[in-house]
Amino acid sequence: MTIELNFDSREEEINFPPVTDFVKLYIKRDDLIHPFISGNKWRKLKFNLLKARALNKNHLVTYGGAYSNHLLATAAAGAKFNFKTSAFVRGEEIINPVLDLCKLFGMNLIFVSREAYKEKYQLLESKFNNDDEIYVLEEGGYGMEAEKGCREIIIELKNNYDHIFCSAGTGATAAGIINQLSLSRLKTKVHIVSSLKSGEFLKPEIDRLLIDKIDYQLHTDFHFGGYAKTKPELINFIKDFTKQTGILIDPVYTSKTLFAIQDLALKDYFNKDDKILMIHTGGLFGILGMMDKLG
Ligand SMILES: *Cc1c(COP(=O)(O)O)cnc(C)c1O
């Protein structure tokens, strides 16, 4: 079975005043790649799945938190492309809609304490000692294969932009975008928005995957308290954006990136009518983790 998805991730111009009174705003709809193997998670999985297949590994093993888009994408991709899947889940055993979906796709969930979760190789050894059928995906899918897959986001572009914005958790998607812009000799300025507190940690993680020393802007002030945290200002922003554009955004990543674009636009950071592209990295099931606030 070939490992490929057919999709239409188009670049859509959106009307979102007051931002679009200052600049032209486009969104690359990677959220439309697949309902569950969504956004950058497909980009990051693709070359890993091809490698696993080439190495004759039929069991994907990975790590994640209880609302991890990466776990859900791995589970769905495993079911679709004929891999067994297992995941170490951080924290005590719980159920939620995302984990239920992972199970439905056949993923074997192994709940481990936060302390045990930190010792990733020990976990592997204790559970899958000498199992030569397993292919290990790092937490969040981070790595060289992921970076390579994310270059395709830029390869697919039909237009040129002055600025490209993308969210970051591990930085692999960011690295793919930055690398390909350089390889394609484009002068687009790249902005990476950290969803996590103390986002400076992302710089070495991104730089480790870069093919060269390349300049980009890392924004660390739009985390809204941290990874799974939020604030009323962000919740209101999500409601307003969704109502105005008809495009769903998730509370963990893409909403913070769009908020950053709005914030910078209102502070006159951009030139009038600059063309700005925001990469919609998908992950909409994150909404289910905050339905109490968003509904
Ligand atoms: C996982 C995820 C990210 C983070 O991507 P990294 O490559 O780990 O930086 C960004 N946006 C969404 C919606 C995600 O699900």
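The values are calculated or read from the model by the stated rules, or taken from the named source; none is laboratory data. Only a predicted model underlies this, so the values are computations on that prediction, with no experimental measurement involved. Neighbour counts are summed over all protein chains in view; Cβ atoms, including those assigned to glycine, are modelled from backbone coordinates with ideal geometry. Accessible surface areas use protein heavy atoms only, side chains included; no ligands, DNA or RNA. Shrake-Rupley method; radii C 1.70, N 1.55, O 1.52, S 1.80 Å.
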> Where Lys and Arg each count +1 and Asp and Glu each count -1, what net charge lies around residue 1 among other residues with Cβ under 10 Å from its Cβ?
Replying inline: +1
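Starting from the exponent 0.38 and prefactor 2.2 Å, build the expected Rg for the range 40-141 from its residue count and divide its actual Cα Rg by it.
0.98
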>> Students often check this: by mean Cβ neighbours within 10 Å, which of 258-264, 241-247 ranks highest, and how do the rest follow?
In response: 258-264, 241-247
> Normalised by the number of residues in the range 245-290, what is the relative contact order in percent for Cα pairs under 8 Å and 6+ residues apart?
Replying inline: 64 percent
> How many times 2.2 N^0.38 Å is the alpha carbon radius of gyration of the range 146-216?
Replying inline: 1.02
> For residue 201 and residue 119, what is the calculated FRET efficiency with R₀ set at 22 Å and r taken between the beta-carbons, to the nearest 0.05?
Replying inline: 0.70
>> Taking all protein chains in place and a 1.4 Å probe, what share, in percent, of the accessible surface of the chain do carbon and sulfur account for?
In response: 49 percent
>> Rolling a 1.4 Å sphere over the protein heavy atoms, what is the accessible area per residue of the chain, to the nearest Å²?
In response: 46 Å²
> What nm distance separates the two modelled labels at residue 144 and residue 8, each placed 7 Å from Cα along Cα→Cβ?
Replying inline: 3.7 nm
> Can you give the helix-only mean residue ellipticity at 222 nm for the chain, where every DSSP H stretch with n ≥ 4 adds -39500 (n - 2.57) and the sum goes over all residues, rounded to the nearest 500 deg cm²/dmol?
Replying inline: -11500 deg cm²/dmol
> With no solvent and one point on each alpha carbon, what is the Debye value of log10 I(q)/I(0) for the chain at q = 0.10 Å⁻¹?
Replying inline: -0.52
> If Lys and Arg each add +1 and Asp and Glu each add -1, what is the summed charge of the other residues whose beta carbon sits under 11 Å from the beta carbon of residue 72?
Replying inline: +1
> Long-range amide H contacts for residue 66: which residues qualify at under 5 Å (H placed 1.01 Å from N, peptide plane, sequence gap of 5 or more or a different chain)?
Replying inline: 90
>> I'd like the accessible area for residue 19: 1.4 Å probe, protein heavy atoms, all chains in place, Å² to the nearest 10.
In response: 0 Å²
